[in-house]
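Peer 1: Pasting in a structure now, in structure tokens, and then I'll have a few things to ask.
Please treat every number below as a calculation from the coordinates, not as lab data. All of these numbers come straight from a predicted model, not from anything done at the bench. For neighbour counting, all protein chains shown are included, and Cβ atoms are generated from backbone atoms with ideal geometry for every residue, glycine included.
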Amino acid sequence: MGVMTGEEPRTRTSTTVRTPAASEVRSVRRAGAARAWRTRLLVVGIVLAAFNLRPAITSLGALLEEVRDGLGMSGSVAGLLTSVPPLCFAVFGVTAPRLARRFGAGAVVCAGMAAIGAGLLIRPYVGGTAAFLATSALALMGIAVSNVLMPVIVKRRFPDRVGSMTGLYSMALALGTATAAAVTVPLTDALGGNWRSGLAVWAVLAAAAVLPWLPFVRERDGARGARNERAASAEAPVLRVTRSRTAWALAVFFGLQATAAYITMGWMAQIFRDAGVPAGRAGLLLAVTMVMGVPLAFVIPRLATRLPHQGPIVLALGASGLVGYAGLYLAPAAGAWAWAVLLGIANCAFPLALTMVGMRARTGAGVAQLSAFAQSTGYLISIPGPLLVGVLYQHSGGWGLPIALMAGLMIPQTIMGVLAGRDRTVEDEATTS
């Protein structure tokens, strides 16, 4: 009996220790709520950042004729202006992984949004083509680092939702692109017809995008999964991404789709205007091209992650582009709405390329390297395209040769996209012992 009596209290004590205290339960719940709040805030930050990644470009495309007249640009110089975005993306994008390692991805994206806002606010009022280009480069620098880091943030923070999150920010990016194309001209008219005001107003959205990133400025590591992944990556073989055929195929595919996108954003409204379409409608047609990416940018990444090979999607987008360019050549005004829709579908090669960046590497570190390489190399490839279109337009006196160039580039773009869509990773091709 004495032994049993001695056992009883110990049993009760053991049971009491196993029961969490009410304060501990509340603490766990608070921690869970805080994590959920930060996740929701991060999603808002990603969406707002993505929304601001193209208005600097498409707002300028809608008012290119007014900017050319206001600054005294020739067609060739205007072509140079439309080549500045890919040049900046190539030069500054390659620095994004290094900046993210030093300061944290959240801090770099936050600074990128601030740079976009400052550049958009200043550039219309500086006066002179050189200063306009320089301040445009400031905004484009912020876009460049954010371009590269978005797939990295998605891979690290949402590893089980890469397709849906890529689709979400691609959709927001397409919506921002289309919105700027559609409303810049009427907004400029509402502001008194001054193209400077019509361009500067987009700085407000960039300033708003800074706010949700502020809580992440001091985060160096992100989530616990990112720390674990970094430790795993440290034990993995060294990755030499330039040795990967898949990485090169993806870079060329990215570069050729970027060429088509920046030619479209920079020149399509002018093509329609030269065909006799009024300026407001031409901007709306450009918006239709851009807005096609809103639903498709959400659908295509989700579909791509379910397919072992993304080649069929690449072929469908390429065929849409070829038909759209043929129509733009033969009947630019008569079938304007159809060509705008078809070329908008073709431009959805961008979210597909971003999705393939996340799929062609196994780790976040691999995605960071592949994203920087594919985007920087791709944007270097895309630099001559918009400039060459401006030169051909000025010296041929029409749009026949530029449109033929755009259609011709769709063929190698499709071939490289099929090669990049094969089911393999850069780690399989580019590791050293």
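Peer 1: I'd like the distance between the alpha-carbon centres of the range 355-420 and the range 69-102, rounded to an integer number of Å.
Peer 2: 15
Peer 1: Under the Karplus relation 6.51 cos²θ - 1.76 cosθ + 1.60, θ = phi - 60°, what is the ordered set of whole-Hz ³J(HN,Hα) values for the range 337-349, x standing for Gly and Pro?
Peer 2: 5, 5, 5, 4, 5, 5, 6, x, 5, 4, 5, 6, 4
Peer 1: What ranking do 348-355, 156-163, 317-324 get when scored by the average of other Cβ atoms within 10 Å per residue, highest first?
Peer 2: Working: 348-355: 26.0, 156-163: 17.6, 317-324: 21.2.
Most protected by this proxy first, the peptides run 348-355, 317-324, 156-163.
Peer 1: Can you give the charge dipole size of the chain about its Cα centre, rounded to the nearest 20 debye, using +1 on the beta carbon of Lys and Arg and -1 on the beta carbon of Asp and Glu?
Peer 2: Once rounded to the nearest 20, the dipole reads 1480 debye.
Peer 1: So what J values fall out for the range 60-66 if you push phi through Karplus, 6.51 cos²θ - 1.76 cosθ + 1.60 with θ = phi - 60°, rounded to Hz, Gly and Pro as x?
Peer 2: Once θ is set to phi - 60°, the couplings for the range 60-66 become 5, x, 5, 10, 4, 4, 5 Hz.
Peer 1: How large is ³J(HN,Hα) for each residue in the range 98-112, as worked out from phi by the Karplus curve 6.51 cos²θ - 1.76 cosθ + 1.60 (θ = phi - 60°), to whole Hz, x for Gly and Pro?
Peer 2: Values, residue by residue: 5, 5, 5, 5, 7, 10, x, 4, x, 5, 5, 5, 4, 5, x Hz.
Peer 1: Which of these, Ala131, Ala407, Ala251, has the largest mean-square fluctuation under a Gaussian network model of the chain (Cα springs below 10 Å)?
Peer 2: Of the options given, Ala131 has the highest mean-square fluctuation.
Peer 1: If you don't mind, another one. Could you tell me whether the range 334-393 comes out rounded, prolate or oblate from its Cα gyration tensor? Rule is a ≥ b ≥ c as square roots of the eigenvalues, rounded for a/c under 1.5, then prolate if a/b exceeds b/c, otherwise oblate.
Peer 2: The shape class here is oblate.
Peer 1: Using a Förster distance of 25 Å, how high is the FRET efficiency between Val217 and Arg161, based on the Cβ-Cβ distance and rounded to 0.05?
Peer 2: Here the calculated transfer efficiency is 0.55.
Peer 1: Estimate the FRET efficiency between Arg240 and Ala326 by the formula 1/(1 + (r/R0)^6), using the beta-carbon distance for r and 56 Å for R0, to the nearest 0.05.
Peer 2: 0.85
Peer 1: Counting each DSSP H run of 4 or more residues in the chain as -39500 (n - 2.57), what helix-only mean residue ellipticity at 222 nm follows after dividing by all residues, to the nearest 500 deg cm²/dmol?
Peer 2: Here the helix-only value at 222 nm equals -26500 deg cm²/dmol.
Peer 1: Given axes a ≥ b ≥ c from the Cα gyration tensor, I'd like to know whether the range 233-384 is rounded (a/c under 1.5), prolate (a/b larger than b/c) or oblate.
Peer 2: Since a/c reaches 1.5 and a/b is larger than b/c, the shape of the range 233-384 is classed as prolate.
Peer 1: Residues of the range 182-220 with the amide nitrogen closer than 11 Å to a label point 7 Å from the Cα of Trp337, along Cα-to-Cβ, please.
Peer 2: none
Peer 1: Right, another one. How tilted is helix 400-420 with respect to the longest principal axis of the chain? Cα atoms for both, answer in degrees (0 to 90, nearest 10).
Peer 2: It is inclined by approximately 20 degrees.
Peer 1: Note down the nm distance, to one decimal, between modelled labels 7 Å out along Cα→Cβ at Ala131 and at Arg281.
Peer 2: So the label points at Ala131 and Arg281 sit 3.8 nm apart.
Peer 1: For Kirkwood radius over Cα pairs in Å, the listed values are (i) 24.4; (ii) 23.5; (iii) 22.6; which was obtained by calculation from the structure presented?
Peer 2: Correct label, based on the coordinates given: (iii).
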